[in-house]
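**Student:** Right, I'll just put the structure down here and ask away after.
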Amino acid sequence: MATTEHGPLAGVRVVELAGIGPGPFAAMLLADLGADVVRVDRPAGPGIGVDPAYDLTNRNKRSVLVDLKAEDGPDRVLDLVERADILIEGYRPGVAERLGVGPDACLARNPGLVYGRMTGWGQDGPLAERAGHDIAYIALTGTLSMIGKPGEPPTVPANLVGDYAGGSLYLVVGVLAALQHARTPGGAGQVVDAAIVDGAAHLATMIHGMLAAGGWQDRRGSNLLDGGCPFYGSYETADGQYMAVGPLEQQFYDEFVKLLGIEDRVPDRKDVTRWEELRTVVADRFRSRTRAEWTEVFETTDACVAPVLSLREAPHHPHLAARSTFVEHGGLTQPAPAPRFSATPVCVRSGPARPGADTEEVARDWDVPSMHRPRKDTTD
C-alpha cells in the first residue's frame, strides 16, 4: 500500500492509540488527507463489537498490535513515537500516563511531537474523570436543547454534533495547527487538549451572538433556524416521505411559494404571529403530491428545496453521483474523502485496517526493529 503518495499530508506520520468514536474518525481524516497513520491496536480489540472489516473509520490506515500492559509494550509504542509527527489518543485523563505513553514520556522521546488528546469533558475540570458519551456532552453545552420540537424531548442528532463535529474536527484543526507551529523556526511539539464540550459549545458561537442581540429565543422550535420558522424545515409528502425547505431570502421564498402553488393564499411571512397559519398551508400543499413529484418541481430552481434522502438513497442522487461524493472500495459504499484539492488529490487507498495486519510492514517502513519482536506472554 502506498501511504505517502496521495494528499496534502503526504509524509506526515501519525500514531493512533486505538479507541472508539471521535479519535478514530480524526485519525481517518488525517489518513484520508494523505498522512501515514499507524493504529496501535490492543490484543483484545477496541471493545465496541464492530467487525473490523466494516469499520470504515480505519480506512487508509495501517495497524500494529501492541499490548501496552506488557513489559515491553510502552517502549514499542515510544519507538514509533520517536519517528512520528502526531499522536492521537482518546483515553480518560491519566490513563496514557499510567500506561507509560503520556505526553511527558512521548515528548521526552520526540520533542517535536504533537500530542493530540481527545476526550468528552477535557483534561481538567470537575467532570474530567467521569465517563460520558456524545449526548451528555451536547446536553451540558446547551447544544442539545436547541434541537427538536417545542413541548417534546430534544431530538438526538445521532453522534454527529458532539463526537464528530465538536470532537474529531476540532482535534484535527488543533493537531494540524500545532504541527505548523512545531515546524516553524524555534517551534516545538505540544499537547492539544480537544474536548467535545469545548467544540460543541464553540459550534454555537453565532447562536450565542444572536441570543445576546435578542434575535434568538432560548427555547427550541421557536427560531429561524431550529424548525420554528415555517419556511425552514421539513414537510411530509403524499407517500410518507419528506421534503426539506429553506428559502430564507425573499427572492428564493417568492419562487418557493409560486412553485408550490400557494402564492395567492399565504400570510405575510414576516408576521410571526401567523407562522402557524403559514405552516399549515405549506404542509397541506406538500401532502398533495409524492416526494418524487415535488422533487421534479423544485430540482432545477433556486427555491432551496430538496428531498430528504435516506442513507442508502443518498449515494444514488444524480448530483452526488456526478461529484463522486460517495465511492465504493472493497465492496463497501462510503463517503469519499473531503475536502478536495487541486494539486494533491485524495482518495480511498485501502479498506479498514485489520488489527495487527501491518506490523511487519510498518516495522520496515518506519525502521522500528522493536516492532518485529513477538509480544511477550502476560498470562503467566
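**Student:** Return yes or no: is Arg364 within 30 Å of the chain's Cα centre (by Cα) and open to solvent by 30 Å² or more (accessible area, probe 1.4 Å)?
**Tutor:** Judged against the criteria, Arg364 is not a match.
**Student:** Kindly check whether there is at least one residue in the range 97-110 that is within 17 Å of Ala201 (Cβ to Cβ), surrounded by fewer than 17 Cβ atoms within 10 Å (Cβ to Cβ) and not charged (D, E, K, R).
**Tutor:** No, that holds for no residue.
**Student:** Further question on the same structure: Considering only residues of the range 172-201 that are open to solvent by 30 Å² or more (accessible area, probe 1.4 Å) and within 23 Å of Gly94 (Cβ to Cβ), which is farthest from the chain's Cα centre (by Cα)?
**Tutor:** If we take residues in the range 172-201 being open to solvent by 30 Å² or more (accessible area, probe 1.4 Å) and within 23 Å of Gly94 (Cβ to Cβ), then Gln190 is farthest from the chain's Cα centre (by Cα).
**Student:** I want to confirm something. Restricting to the range 311-349 and keeping residues that are touching a helix residue (DSSP H, G or I) at 6+ places or on another chain (Cβ under 9 Å) and among the polar types (S, T, N, Q), which single residue is nearest to Asp41 (Cα to Cα)?
**Tutor:** Gln334
**Student:** Among the residues of the range 271-283, write down those that are free of Cβ contacts under 8 Å to residues at least 40 places away in the same chain and either under 36 Å from the mean Cα position of the chain (by Cα) or open to solvent by less than 40 Å² (accessible area, probe 1.4 Å) (or both).
**Tutor:** Val272, Thr280, Val281
**Student:** Assuming Leu309 fulfils every condition listed in (1) within 18 Å of Phe231 (Cβ to Cβ); (2) surrounded by 14 or more Cβ atoms within 10 Å (Cβ to Cβ) apart from one, which condition is it?
**Tutor:** Going through the list (1) within 18 Å of Phe231 (Cβ to Cβ); (2) surrounded by 14 or more Cβ atoms within 10 Å (Cβ to Cβ), Leu309 breaks only (1).
**Student:** Give, as residue ranges, the strands (runs of 3 or more DSSP E) completely inside the range 1-107 that count at least 2 residues that are of a type in the set (Lys, Arg) and at pLDDT 95 or above.
**Tutor:** Those strands (runs of 3 or more DSSP E) span 61-65.
**Student:** Within the group Val81, Val64, which residue is among the hydrophobic types (A, V, I, L, M, F, W, C), over 21 Å from Gly174 (Cα atoms) and touching a residue at least 40 places away in the same chain (Cβ under 8 Å)?
**Tutor:** Selected residue: Val64, the only one of Val81, Val64 that is among the hydrophobic types (A, V, I, L, M, F, W, C), over 21 Å from Gly174 (Cα atoms) and touching a residue at least 40 places away in the same chain (Cβ under 8 Å).
**Student:** So which residues in the range 159-169 are touching a helix residue (DSSP H, G or I) at 6+ places or on another chain (Cβ under 8 Å) and either assigned to a loop (DSSP other than H, G, I, E, B) or open to solvent by 70 Å² or more (accessible area, probe 1.4 Å) (or both), if there are any at all?
**Tutor:** Scanning the range 159-169 gives Asn159, Leu169.
**Student:** Then there's this: If only one of Val281, Val272, Val266, Val308 is aliphatic (A, V, I, L, M), under 15 Å from Tyr232 (Cα atoms) and modelled with pLDDT under 95, which one is it?
**Tutor:** Exactly one of Val281, Val272, Val266, Val308 is aliphatic (A, V, I, L, M), under 15 Å from Tyr232 (Cα atoms) and modelled with pLDDT under 95, namely Val272.
**Student:** Follow-up. Any residue at all in the range 130-138 that is of a type in the set (A, V, I, L, M), open to solvent by less than 20 Å² (accessible area, probe 1.4 Å) and under 21 Å from the mean Cα position of the chain (by Cα)?
**Tutor:** Within the range 130-138 (the criterion being of a type in the set (A, V, I, L, M), open to solvent by less than 20 Å² (accessible area, probe 1.4 Å) and under 21 Å from the mean Cα position of the chain (by Cα)), the answer is yes, since at least one residue qualifies.
**Student:** For Leu169, work out the one condition from (1) within 13 Å of Val191 (Cβ to Cβ); (2) touching a residue at least 60 places away in the same chain (Cβ under 8 Å) it doesn't fulfil.
**Tutor:** In the conditions (1) within 13 Å of Val191 (Cβ to Cβ); (2) touching a residue at least 60 places away in the same chain (Cβ under 8 Å), Leu169 misses (1) alone.
**Student:** Next question. In this structure, does Asp124 turn out to be buried (at least 18 other Cβ atoms within 10 Å of the Cβ) and charged (D, E, K, R)?
**Tutor:** Answer is no for this residue.
**Student:** Taking the range 178-223, which residues are within 19 Å of Ile138 (Cβ to Cβ) and in a strand (DSSP E or B)?
**Tutor:** Across the range 178-223, the qualifying residues are Asp193, Ala194, Ala195.
**Student:** Out of the range 224-254, which residues are free of Cβ contacts under 8 Å to residues at least 60 places away in the same chain, under 26 Å from the mean Cα position of the chain (by Cα) and assigned to a loop (DSSP other than H, G, I, E, B)?
**Tutor:** Matches in the range 224-254: Leu224, Leu225, Tyr232, Gly246.
The values are calculated or read from the model by the stated rules, or taken from the named source; none is laboratory data. The model shown is predicted, which means the values in this text are computed figures rather than measured ones. Neighbour counts run over all protein chains shown; Cβ positions are idealised from the backbone, glycine included. Keep in mind that these areas ignore ligands, DNA and RNA; they rest on the heavy atoms of the full protein, side chains included. Shrake-Rupley method; radii C 1.70, N 1.55, O 1.52, S 1.80 Å.
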